[in-house]
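Peer 1: A single structure is presented below for examination.
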Amino acid sequence: MVEHLKPLNIFSMKIILSQMEYPFYNIHLQDGKMEIGVFCYIKYKDQKIPVLITRNSILYEKYYKSINIHSNNGEKSIELGDIRYENKECNLAIIEIKENKKDNLNFLEIDDLIYEKVSQQYYYKNLIYIINFNNNDIFVSFGVINDIFNFNIINTCNINNNRGFLIFNLNNNKIIGACKNSNFKNFKSGLFFKGIINEFINYRENFHLFNNIDIIINIKKNDINKEIYFLDSYKKNVDLKN
C-alpha cells in the first residue's frame, strides 16, 4: 500500500463520476429544505437489509411514513420502515426502507471486508476518496488512511468547507466509512463503517425485541378451526375462556 495517489484509469474515473451523478438523491423535507441521501444494503446473517443513509436532520421531522426523493430520473416516493438509527458523531441517520423493485433505485455497495472480524487491518494506508457537496455543486477529494483506532478513521482528504458524507475505498469504489465533523490538525476524521453497522444491527435487534408481543394460547380440541380475537378485535358472543 502506498501513501500517494496512484494514476486512475478511465474505468475508475467513470465509476466515480457515475457515483457523483446518480446514487445521491435529494430528499425533500417538510420545511422546504433538501437533504442528501443514498441507498445501500446492510448484510446481517442471511439478510440484505435495504436502507437509506442520510443526515440525521431528517429524524427531527414530524412523524412520517414516506419521503420524496429527487434525482436525474425524476421524483419518487419511498416508503420507510420503523428502524431509524442515528449516529450523532457523523450527523448520520440510517433508515430501513420498504423496498419496491418498481422504484428502480441506484444502490451503493458497502465493502465486503467491513464484515470481517479484524477488518481494520485491511485499510491501513489505503487510498480513499470522499464525495462532498457545496451549495449546488459536487466534488470528490482523494487521500490516504493514516490510521484506524476505536473505529475512527484518520485520513488526509481535504474537503475544506464542503459537506463531506461517505468515505470510499479507491480500490473497489465501495463504502468504508462516514465523515465526522471534527479535524485533527491537517487530517480529517471519520468513522469506520464496521462500528456504524454494529450499532445499527444492535438498535434493530433491540427494537424488534421490545416491540414484539409473544402470546401463548391454550386451545382445546373443540376450539380448532374457530375464530380467535385479541385485544380490541373482540367479537361479541365469542367466548375464549376454557
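No lab work stands behind these numbers, since they all come straight from the coordinates. All values reported here derive from a predicted model rather than from experimental measurement. Backbone-built Cβ (ideal geometry, glycine too); neighbour counts: all protein chains shown.
Peer 1: What FRET efficiency do you get for Asp147 and Lys45 if R0 is 30 Å and r is their Cβ-Cβ distance, rounded to the nearest 0.05?
Peer 2: 0.45
Peer 1: Once amide H atoms are placed 1.01 Å from N in the peptide plane, what residues at a sequence separation of 5 or more from Arg55, or on another chain, have their amide H within under 5 Å of its amide H?
Peer 2: Amide H neighbours of Arg55: Ile36, Ala93.
Peer 1: Students often get this wrong: which residues of segment 85-111 have the backbone nitrogen under 18 Å from the point 7 angstrom along Cα-to-C-beta of Ser77?
Peer 2: Under 18 Å, as judged by backbone N against the label point of Ser77, lie 97-105 of segment 85-111.
Peer 1: Hey, can you rank 15-28, 166-179 by average C-beta count inside 10 Å, highest first?
Peer 2: Values: 15-28: 16.4, 166-179: 21.9.
Going from most to least packed, we get 166-179, 15-28.
Peer 1: Of the listed peptides 37-45, 110-118, what is their order by residue-averaged count of other C-beta atoms within 10 Å, with the highest listed first? Can you show the working numbers first?
Peer 2: Details: 37-45: 17.2, 110-118: 14.9.
With the highest mean Cβ count within 10 Å placed first, the list reads 37-45, 110-118.
Peer 1: Excluding Phe168 itself, what net charge comes from residues whose Cβ is under 11 Å from its Cβ, given Lys and Arg +1 and Asp and Glu -1? Don't jump to the answer; show the numbers that get you there.
Peer 2: Numbers: positive: Lys174; negative: Glu109, Asp111.
Here the count lands on -1.
Peer 1: Still on this structure, please answer the following. Expressed in nm to one decimal, what extension gain is obtained for the pair Asn68 and Lys98 from 0.36 nm per residue of sequence separation less their Cα-Cα distance?
Peer 2: Values: separation 30, 0.36 × 30 = 10.80 nm, distance 1.37 nm.
Once the chain is fully extended between Asn68 and Lys98, it gains 9.4 nm.
Peer 1: Quick check: pseudo-label points 7 Å beyond the Cα along Cα→Cβ at Ser57 and Ser12, how many nm apart are they?
Peer 2: Distance between the two pseudo-spin positions: 3.4 nm.
Peer 1: For segment 1-212, which semi-axes, largest first and in whole Å, follow from the square roots of 5 times the eigenvalues of its Cα gyration tensor? Walk me through the numbers before you get to the answer.
Peer 2: Numbers: eigenvalues 143, 85, 55 Å².
Calculated on Cα positions only, the semi-axes equal 27, 21, 17 Å.
Peer 1: I need the fraction of alpha carbon pairs in segment 102-182 separated by more than 23 Å, rounded to a whole percent. Intermediate results must be reported in sequence, preceding the final value.
Peer 2: Numbers: 730 of 3240 pairs.
That fraction is 23 percent.
Peer 1: Another one. Separation of segment 1-41 and segment 78-122 by C-alpha centroid, Å?
Peer 2: A separation of 14 Å, based on Cα centres.
Peer 1: Follow-up question, since we're still on this one. Using the Karplus equation 6.51 cos²θ - 1.76 cosθ + 1.60 (θ = phi - 60°), what ³J(HN,Hα) coupling, rounded to whole Hz, does each residue of segment 125-132 give in order, writing x for Gly and Pro?
Peer 2: 6, 6, 7, 9, 8, 10, 8, 9
Peer 1: Under 5 Å between amide H atoms, partner at least 5 residues away or on a different chain: which partners does Asn126 have, H built in plane at 1.01 Å?
Peer 2: Ile145
Peer 1: A further question follows. From the phi of every residue in segment 89-99, what ³J(HN,Hα) in whole Hz does the Karplus formula 6.51 cos²θ - 1.76 cosθ + 1.60 yield, where θ is phi - 60° and glycine or proline is x?
Peer 2: Karplus-based 3J(HN,Hα) across segment 89-99 equals 4, 10, 6, 10, 10, 10, 10, 5, 10, 9, 5 Hz.
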